[in-house]
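A short worksheet on the structure shown next.
The values are calculated or read from the model by the stated rules, or taken from the named source; none is laboratory data. Predicted, not measured: the structure shown is a model, and the values here were computed from it. Every residue, glycine as well, gets a Cβ built from its backbone with ideal geometry; the counts of neighbours run over all protein chains shown.
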Amino acid sequence: MQKVCDKQLATLERRYVDSAGEHYRRKYREYENLSCGVYLSAISELYRKELNLFDKCFEVASTLPALNGKFSEELVRKYKACLLQKSTGMLWMLENQQTESLRLLN
C-alpha cells in the first residue's frame, strides 16, 4: 500500500511541477516588459507565494528542487539579457543606487 501511495504522490508532484512551469511561462510573458527592479520585485513575490503554497501542499523535499528549476528556467534565465543590459540592468541599478531592487538578487 505504501508503494502505491508513494507512486501516486510522485505523480502528483510531477504534475504540480509541470503545471508550475506552465504558470511561470505565462507569468514571464506577463512580466517580460517590466523594468528590472519591478521584474525582480514581481518574481520575488511570486516565488514567496509559490513556496508558501508548496509548504502547505507537500512534505517531500525532492519536489522543491524541481520546482526551483522550473522557476529559474522560466523566470530568471529568460530575463537574463535584460538584467545584463547596461541601460536597464544590474549595472544601472548599482549606478543609480537601486538598493531595494538589488537586495532581491539574494
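Some observations on this one:
Yes or no, residue by residue, for (1) in a loop (DSSP other than H, G, I, E, B); (2) at pLDDT below 85:
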{"site": "6", "(1), (2)": "no, yes"}
{"site": "15", "(1), (2)": "no, no"}
{"site": "24", "(1), (2)": "no, no"}
{"site": "38", "(1), (2)": "no, no"}
{"site": "43", "(1), (2)": "no, no"}
{"site": "74", "(1), (2)": "no, yes"}
{"site": "79", "(1), (2)": "no, yes"}
{"site": "88", "(1), (2)": "yes, yes"}
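- Output for region 26-36, where each listed residue is without any contact (Cβ under 8 Å) to a residue 12 or more places away in the chain and either part of a helix (DSSP H, G or I) or farther than 15 Å from residue 101 by Cα (or both): 26, 29, 30, 33
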